[in-house]
Amino acid sequence: MAGKVDSATYAAAIAKITEAVKHESELRAHLDEIIKGAAFKGSHRSQAFLKHIVEHALHGEAADLRERSIGVALFGRPATYDTADDAIVRVTASDVRKRLLQHYGTTGAESRFRINLPAGSYVPEFRLIPPSVLEPLDVPVESPIAPVHEEPRQSRSRRPVLGVVVVCAVAFAWFAVRRWALPGPDNLFVTAFQGTPAAVQVVVADDALVLIQVLLDRRFTLDEYENLTYMNVPELVIKKDLLRFWGSLSTRQITNVGDLQNANRIAEDLQARGWDATIRQARQMHARSFRTGNFVILGSSLSNPWAALFPVKESNFPFDELPRPGKPEVIMNGHPQKGEPPTFEVHLDPKTHKKITFARVYLLENTAHSGRVLLVAGQSMSATEMAGELLLRNDSTAQIRRMLGISSRERLPDLEMVLRVSEQNEIGDSVDLVAVRKVTRQAE
């Protein structure tokens, strides 16, 4: 693990790097601008450190950005050196963080990109600042300019004051634009948790568990997952001499990039509104974790067993008999309304020849009724990802209210819904809300 951050946060940084690679040439130019700037001037060590971690990240070698490997590669330390006694990597990383803050607080304030080094990590984060945020800062500030040899003493004394005024104006404009540019509080992830403590944990799926279940051709229960009995070496692994493979698979925390990108979008949207939003991996959780607070659980019980903590006895959209691991579930429709099918199954659209999949979404109370839980599970990975995209839309809550026939003044009730996703080459290209119901009674 890189630094001291948890694996889900580390994986989320990797997902951001995947997006940033699209702008690789521009990022390299931005890196050169930072290194040659005033903030990094005179510190060859910090310049080399920043260049090293950015180059490794863009080359897809973020896994090598660990304290020991950086000490060996960048500072010539032996492979067996004691990182507890030699803090050169940690000290340099801290200096780089300070210099980055200095750069973006001065000459880099209007840069299109941001390079950040989170505390406890050596994997850089890349952000692209939307033009709508930068443009208002480009308004020129007019001031009278006197010839240098005739510049009055009073004018020279006002320079620092003018600088402070300009900096304050820029800061105010930045926060104003950030605030005004934010979407209205209409998407489901915001509306669902209104009236609860402003903290949300986004729990991403455990894809290593999916691989284990497919390998063994069996589903594990929530109890087996929580008690770690699913990690017991099965007879098949011994017979096939797969012990090394099993050891790697059963101990790794794996989540697909699409799931992480989805979690990032959700967390960033909530954080921009002042919420404390964190991303957690399913293996880091315990049943008691869900007693307090708000949660977004991404993935069905096959990939995220914690979804099984929140069953709905009288669900209108239950799964049919669960299929073998790796096969898509069939979603039943207990009481089809006009235009709705009796089942929601994976199929090919006869007109477009695109693959059609579905996702279920539940909004329920947590186990202690002290917060709420949003469960998002698709019949495919792209269906789960596209479901998150729809729920982040500004008009998602208004559409749900219309379909349920409730006013904008009413608190959203516990509910369940089905989303239709169109896929092409296993990548989602459209998503629509097709059915919504109130949950009338939740199982204890």
Query raised in the report: Are any residues in segment 415-427 open to solvent by less than 30 Å² (accessible area, probe 1.4 Å) and under 23 Å from V312 (Cβ atoms), and if so, which ones?
Result: L415, E416, M417, V418, L419, V421
Query raised in the report: Does G42 qualify as being touching a helix residue (DSSP H, G or I) at 6+ places or on another chain (Cβ under 9 Å) and loosely packed, with under 14 Cβ neighbours inside 10 Å?
Result: no
Query raised in the report: Out of all the residues in segment 284-293, is one or more of a type in the set (F, W, Y) and in contact with a helix residue (DSSP H, G or I) (Cβ under 8 Å, 6 or more places away or on another chain)?
Result: yes
Query raised in the report: In segment 194-227, what residues are in a helix (DSSP H, G or I), farther than 27 Å from E268 by Cα and among the acidic types (D, E)?
Result: D223, E224, E226
Query raised in the report: Any residue in segment 338-356 that is open to solvent by less than 50 Å² (accessible area, probe 1.4 Å), in contact with a helix residue (DSSP H, G or I) (Cβ under 6 Å, 6 or more places away or on another chain) and touching a residue at least 40 places away in the same chain (Cβ under 8 Å)?
Result: no
Report task. Can you confirm whether segment 374-394 contains a residue that is assigned to a loop (DSSP other than H, G, I, E, B), farther than 17 Å from F358 by Cα, touching a strand residue (DSSP E or B) at 6+ places or on another chain (Cβ under 7 Å) and open to solvent by less than 70 Å² (accessible area, probe 1.4 Å)? Result -> no
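One line per residue, one yes/no per condition, for (1) out of contact with any Gly (no Cβ under 8 Å at 6 or more places or on another chain); (2) open to solvent by 50 Å² or more (accessible area, probe 1.4 Å); (3) without any contact (Cβ under 8 Å) to a residue 40 or more places away in the chain; (4) of a type in the set (A, V, I, L, M, F, W, C):
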position: M285; (1), (2), (3), (4): yes, no, no, yes
position: P305; (1), (2), (3), (4): yes, no, no, no
position: F310; (1), (2), (3), (4): yes, no, no, yes
position: N316; (1), (2), (3), (4): no, no, no, no
position: L322; (1), (2), (3), (4): yes, yes, no, yes
position: K327; (1), (2), (3), (4): yes, yes, yes, no
Report summary line: Of those in segment 287-302 that are over 16 Å from the mean Cα position of the chain (by Cα) and hydrophobic (A, V, I, L, M, F, W, C), the residue least open to solvent (accessible area, probe 1.4 Å) is F290
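To keep it simple, each residue is scored yes or no on (1) closer than 20 Å to L391 by Cα; (2) of a type in the set (S, T, N, Q); (3) in contact with a His (Cβ under 9 Å, 6 or more places away or on another chain).
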position: D276; (1), (2), (3): yes, no, no
position: R280; (1), (2), (3): yes, no, no
position: T292; (1), (2), (3): no, yes, no
position: L298; (1), (2), (3): yes, no, no
position: P305; (1), (2), (3): no, no, no
position: K338; (1), (2), (3): no, no, no
position: P342; (1), (2), (3): no, no, no
Report summary line: A359 meets each of (1) in contact with a strand residue (DSSP E or B) (Cβ under 8 Å, 6 or more places away or on another chain); (2) among the aliphatic types (A, V, I, L, M); (3) closer than 22 Å to T196 by Cβ with one exception, condition (3)
Query - Filter result for R178 (among the charged types (D, E, K, R), at pLDDT 90 or above and open to solvent by 50 Å² or more (accessible area, probe 1.4 Å)) - result: no
Query raised in the report: Do you know which of the residues in segment 76-105 that are hydrophobic (A, V, I, L, M, F, W, C) and surrounded by fewer than 16 Cβ atoms within 10 Å (Cβ to Cβ) is nearest to the chain's Cα centre (by Cα)?
Result: L101
Query raised in the report: If a residue has to be open to solvent by less than 70 Å² (accessible area, probe 1.4 Å) and not β-branched (V, I, T) to count, how many in segment 395-404 make the cut?
Result: 5
Report summary line: The condition of being open to solvent by 70 Å² or more (accessible area, probe 1.4 Å), at pLDDT 90 or above and either over 25 Å from E321 (Cα atoms) or not basic (K, R) (or both) holds, among D223, D206, D241, only for D223
Query raised in the report: Any idea how many residues of segment 397-443 are of a type in the set (A, V, I, L, M) and free of Cβ contacts under 8 Å to residues at least 40 places away in the same chain?
Result: 4
Query raised in the report: Do you know which residues across segment 247-283 are within 10 Å of the chain's Cα centre (by Cα), open to solvent by 40 Å² or more (accessible area, probe 1.4 Å) and not polar (S, T, N, Q)?
Result: V257, R265, E268, R280
Query raised in the report: If you go through segment 7-24 one residue at a time, do you hit one that is at pLDDT below 90, farther than 30 Å from A208 by Cα, open to solvent by 10 Å² or more (accessible area, probe 1.4 Å) and not basic (K, R)?
Result: yes
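The values are calculated or read from the model by the stated rules, or taken from the named source; none is laboratory data. Since the structure is predicted, the reported quantities are computational estimates derived from the model, not experimental observations. No Cβ is skipped: glycine too gets one built from the backbone with ideal geometry, and neighbour counts run over all protein chains shown. These accessible areas exclude ligands, DNA and RNA; they are computed on the full protein's heavy atoms, side chains included. Shrake-Rupley method; radii C 1.70, N 1.55, O 1.52, S 1.80 Å.
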